[in-house]
Amino acid sequence: MMQGQTNEDILGKERPRALRRSMTDAEQALWRVLRGRQVSGVKFRRQHPFGDYILDFVCLELRLVIEVDGGHHAERAERDAVRTAHLQEAGFWVMRFWNHEVLKEIEAVKERIWNSVSKRLPHPHPGPPLEGEEE
């Protein structure tokens, strides 16, 4: 389900592929949580093109976008707000986390994502595994 791709630069496979190869430490940490349907059985994609953007992480089924922002995003708040507004207009829910949140508070980030996913699922799923249980 590839929707909304219109930008030729983003349509090419090389840019998203390069971004996947050069993910930040925070993006890598979050990908370890999201990959392989570990969150309530839903599929997340990383560095996925949509319109004029490449989304850090997206679950197309639930129309949920997760962005991980570094310090440079503090100076780009207005541009990020426009990006979020465009995604919301396209029917997406956008969650944003700072790099330091992901790196230092991964359990809290996981819980917020799980709560957001579980609210959007059409049927109930069991909660996140208890500490010490297999994921």
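The values are calculated or read from the model by the stated rules, or taken from the named source; none is laboratory data. Predicted, not measured: the structure shown is a model, and the values here were computed from it. Cβ sites come from the backbone with ideal geometry, for glycine too, and all protein chains shown count toward neighbours.
Table for the structure above
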read-out	value
Identity of the residue in the range 1-57, assigned to a loop (DSSP other than H, G, I, E, B) and modelled with pLDDT of 90 or more, that ends up nearest to the chain's Cα centre (by Cα)	F44
Flag for R46 being out of contact with any Leu (no Cβ under 9 Å at 6 or more places or on another chain) and over 19 Å from K119 (Cα atoms)	no
Members of the range 89-110 found to be assigned to a helix (DSSP H, G or I) and touching a helix residue (DSSP H, G or I) at 6+ places or on another chain (Cβ under 9 Å), listed by number	N99, H100, E101, V102, L103, I106, A108, V109, K110
Qualifying residue in the range 62-80 (condition: at pLDDT below 90, part of a strand (DSSP E or B) and charged (D, E, K, R))	yes
The lone exception for R83 - which of (1) at pLDDT 90 or above; (2) assigned to a strand (DSSP E or B) it fails	(2)
Any hit, the range 50-66, residues being surrounded by 16 or more Cβ atoms within 10 Å (Cβ to Cβ), farther than 22 Å from Q28 by Cα and small (G, A, S)	yes
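Here's the yes/no breakdown for (1) small (G, A, S); (2) in contact with a strand residue (DSSP E or B) (Cβ under 6 Å, 6 or more places away or on another chain):
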| site | (1), (2) |
| --- | --- |
| G70 | yes, no |
| E78 | no, no |
| F92 | no, yes |
| F97 | no, yes |
| E107 | no, no |
| P122 | no, no |
